[in-house]
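Values in this text are rule-based calculations from the coordinates and carry no lab data. Because the structure is a prediction, the values reported are computed rather than measured. Every residue, glycine as well, gets a Cβ built from its backbone with ideal geometry; the counts of neighbours run over all protein chains shown.
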Amino acid sequence: MSDINIQALAALFSFLVALGLARLVALVHRGALPGGAPWVAYLRGLVGFFFTGALVLGFYSLAGVSLWRS
């Protein structure tokens, strides 16, 4: 499998992790899971990092640029 395909799969995985974390944020914020405002802020930061990673990996894989090999 080429580097670009692995990069695209990593982008999809990162996006799915971001979606799962966003669901956790909603559940904690609603009170269905234990945690307070600092926990929600921490999870929102993680969602941002994973979503940004998914965007960067996705755009680079669509452009055909490998981030692992130059």
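Observations on the structure shown:
- Cβ-Cβ FRET estimate between Ala22 and Phe59, R0 fixed at 25 Å, reported to 0.05: 0.75
- Label corresponding to Cα Rg over 2.2 N^0.38 Å when calculated from the structure given, among (i) 1.07; (ii) 1.56; (iii) 1.35: (iii)
- Relative to the longest principal axis of the Cα atoms of the chain, the long axis of helix 37-63 makes an angle of roughly 20 degrees.
- Calculated FRET efficiency, Leu67 to Leu33, Cβ-Cβ distance, R0 = 25 Å: about 0.15 to the nearest 0.05.
- Here Ala41 and Phe13 are evaluated by their C-beta separation; at R0 = 25 Å the FRET efficiency comes out at 0.55.
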